[in-house]
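Here the structure is laid out as structure tokens; the discussion comes afterwards.
Derivation of every value follows stated rules applied to the coordinates shown; laboratory data play no part. Since this is a predicted model, take the numbers as computed values, not measurements. We place every Cβ from the backbone using ideal geometry, glycine too, and count neighbours over all the protein chains shown.
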Amino acid sequence: MIAIGQIWNRWAKSRPLITLSLTNGMMGAIGDVIAQNIAQPTAQQTDKTKSTDGSSQAVGYDPMRTARFFLYGCMFGPVAYKWYSLLDRRFPLPLVTLGSSAPSALGTSAAKMLAIGKRVAVDQVAFAPVAIGAFFV
């Protein structure tokens, strides 16, 4: 596992967007495999598994679904990174000095909540519809 972590760190430094894309894709694929194993209906729980002769069939694993989750994750990772980086630049969290010359991201609660609220509002209005729509295409 340490070797995998070292390889990932090396790639993250030299090719950050490709690493992010592949990592996000793998997380989506792994999540889908887990979801299919947890939520896979049995033949007794659904009528959709009945064949034309009336016998029940188990619903199997869908590798194409996992592939779609992988591809969506690969495409979504870099886009989301750029989007949230833009939000971070456009609506920065306030910086304050805590008795030293080094600034800290621990601004006043009201100012932080306002910046976070703006980020969430813009994200939900501008980006969420696009991301959700892309997921279902």
Query - Listed peptides 79-91, 4-16 by packing density, highest first (mean Cβ within 10 Å) - result: 79-91, 4-16
Query - Backbone HN-Hα couplings from phi across the range 69-77 [Karplus 6.51/-1.76/1.60, Hz, Gly and Pro as x] - result: 5, 4, 5, 4, x, 4, 7, 6, x
Requested in this report: Could you go through the range 112-117 in sequence order and give the Karplus-derived ³J(HN,Hα) for each residue, using 6.51 cos²θ - 1.76 cosθ + 1.60 with θ = phi - 60°, rounded to whole Hz, and x for Gly and Pro?
Outcome: 5, 5, 5, 5, 5, x
